[in-house]
Amino acid sequence: MKAIYFSLYLLGCALHVSAQTIKIVDNTGRLSGDHVFPTFGEAFDAASPGDTIQVVPSNDPYGNLDISGKDDITVFGIGFNPVTGGQSERVLFENGIISGANNITVSGIVVTRNFNIQGNSTPELANNIRLDNCFIGQFFTIGANSGTGTGMLRNVVINNCIVERETTVNSRTDAVIFNNSVFSGVSLTTVQVDNGANAVFNHCLFLGISTSDLSSNLNNTIIQNSIFYGVEPRIGSSLFSDNRLESNIIAGAADPTVVGFDVDINNVIVEQSDLFADDSFVLSAQYDLTVDPTPSSSLALGQATDGTDIGLTGGLGFSRTGTILPIISNLSVPGTVRTGEQLEITIEATGN
């Protein structure tokens, strides 16, 4: 454990500083202190807007992740595929929900079942939600259908995530962006975007069996710079409008014919072997993220609309290691700082 000392010179008037804005969730019993809580619910109840909640890696699940009715909260764990010198512990939750909250960031967690992001009964209450480097084991639902008593959800960004089952963007949702994420079509379809919602998928990977449709309900959606692997680029019903498919690669589909897209440009159909350096990247249920998914001979290299690679390695890129961050075990700050007074802050942290 190391202590890091900062000297700050503050000018102006007296400043009142909160003694702790980092809450730690630890069910392993390794940490202690007034800012350490055994469950996420207790840490969330104690948190104020602007606080960070760090969840310690553990072999035991933390129950459900519930972020409801409180704004400006950041939650982070170690990532879904951490590299920590042989340590295999992750941050596991059974289900996840973000409801009626604004300015929420969640990164580096594993949700083994379902994750739901939505507004509540007050219109437009939920805005600016971001997920980074998370794994969702079953269904991922963003927004709610009209008529359910929930409000609008706006400005959702999903980066570097893996979803094992179907992803649905419901009608009371505006401006959802997916970057560098994996969508695994274990069911018959991979993604759904209801009429009234809109979404952008950029540098993503859509996985499925060779006869699975991309969707049965897709509207107001742009899919670009992505790879379809075993997924047919079609909407398997008449529920589609205003969709654009641009600069994607399609491989391993029984029928690669594009259906349900008003704009279909610069999309390429290739052999499976032309895409990946190692098939284990897409064929293993655990996703072997230690391999380079884009070999030097791949047709995906440099062909995206932004000049980078088509697929996960383009755009923002895809992290294989997770979120490696220190665990703040103690933060000592004086309660009041006066004009011109030197402030000494002590931070104690351990690597996770």
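Just a few scattered comments:
- Taking a Cβ cut-off of under 13 Å around residue 240, the surrounding Lys, Arg, Asp and Glu residues balance to a net charge of -3, with basic ones at +1 and acidic ones at -1.
- Residues 318, 206, sorted by accessible area with the largest first, give 318, 206 [1.4 Å probe; ligands and nucleic acids excluded].
- Charge tally in the Cβ shell below 15 Å around residue 189, where Lys, Arg are +1 and Asp, Glu are -1, residue 189 excluded: -4
- Taking label points 7 Å from Cα along the Cα-to-Cβ direction, residue 255 and residue 103 give a separation of 5.0 nm.
- Packing rank of 254-263, 102-111, where each peptide gets the mean count of other beta carbons within 10 Å, highest leading: 102-111, 254-263
- Ranked packing of 48-59, 89-100, most packed first, by mean Cβ within 10 Å: 89-100, 48-59
- In this structure, residue 195 and residue 72 have a Cβ-Cβ separation that, at R0 = 35 Å, corresponds to a calculated FRET efficiency of about 0.65.
- Spread of Cα-to-Cα distances over 5 Å intervals beginning at zero, given as percent, for region 174-263: 3, 16, 28, 30, 18, 3, 0
- Total formal charge among the other residues, if their Cβ is under 11 angstrom from that of residue 57, Lys/Arg +1 and Asp/Glu -1: -1
- A Förster distance of 45 Å, applied to the separation of the beta-carbon atoms of residue 138 and residue 271, puts the FRET efficiency at 0.90.
- Calculated FRET efficiency, residue 263 to residue 45, Cβ-Cβ distance, R0 = 51 Å: about 0.60 to the nearest 0.05.
The values are calculated or read from the model by the stated rules, or taken from the named source; none is laboratory data. Note that the structure is a prediction, hence the values are computed from the model and not measured. No Cβ is skipped: glycine too gets one built from the backbone with ideal geometry, and neighbour counts run over all protein chains shown. Just so you know, the surface numbers come from the protein's heavy atoms only, side chains and all, with ligands and any DNA or RNA stripped out. Shrake-Rupley method; radii C 1.70, N 1.55, O 1.52, S 1.80 Å.
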